[in-house]
Ligand SMILES: [Zn+2]
């Protein structure tokens, strides 16, 4: 799942996946334009702190992750197809490490980005 530092970025990404949203906690509905206005207002008046980020589900739901783990789903795609949304955020696993310096390297990389060791 991708992470976004502003609601505007999350909203623009989500708008590529669905065109109508409902607040998880009320019946307020938003179209794309309404969502972007909401995002702009939220980002300027109530920005999230550095440790927090937004996530977008494959169906277009927008969630807020405040502690890097648990996700608070704020906006659900409308109609909600009942797709499951994870309760927690998991970063893409970083499985490879340089054998020389221990720096994590992207899978498939031929050289370590830190020490240049051939992998
Ligand atoms: Zn290295």
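Points worth noting:
- Each residue in the range 105-119 was checked for being on the phi > 0 side of the Ramachandran plot and either loosely packed, with under 10 Cβ neighbours inside 10 Å or modelled with pLDDT under 90 (or both), and 1 of them qualify.
- Which listed residue, of 34, 102, 82, 63, is modelled with pLDDT of 95 or more and more than 14 Å from residue 1 (Cα to Cα): 34
Residue-by-condition table, conditions (1) assigned by TED's automatic domain parsing to the domain that holds residue 7; (2) loosely packed, with under 15 Cβ neighbours inside 10 Å; (3) assigned to a helix (DSSP H, G or I):
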residue: 18; (1), (2), (3): yes, no, no
residue: 25; (1), (2), (3): yes, yes, no
residue: 33; (1), (2), (3): yes, yes, yes
residue: 38; (1), (2), (3): yes, no, yes
residue: 44; (1), (2), (3): yes, yes, yes
residue: 48; (1), (2), (3): yes, no, no
residue: 60; (1), (2), (3): yes, no, no
residue: 84; (1), (2), (3): no, yes, no
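- Residue within the range 27-40 that is without any contact (Cβ under 8 Å) to a residue 12 or more places away in the chain and within 12 Å of residue 75 (Cβ to Cβ) present: yes
- Any pair with Cβ under 6 angstrom, 6 or more apart, that starts in the range 102-119 at a residue that is outside any loop (DSSP other than H, G, I, E, B) and ends at one that is more than 8 Å from the ligand (Cβ to nearest atom) and at pLDDT below 85: 104/94; 105/96
The values are calculated or read from the model by the stated rules, or taken from the named source; none is laboratory data. Keep in mind it's a predicted model, so treat the numbers as computed, not measured. Virtual Cβ from ideal backbone geometry, glycine too; neighbours counted across all protein chains shown.
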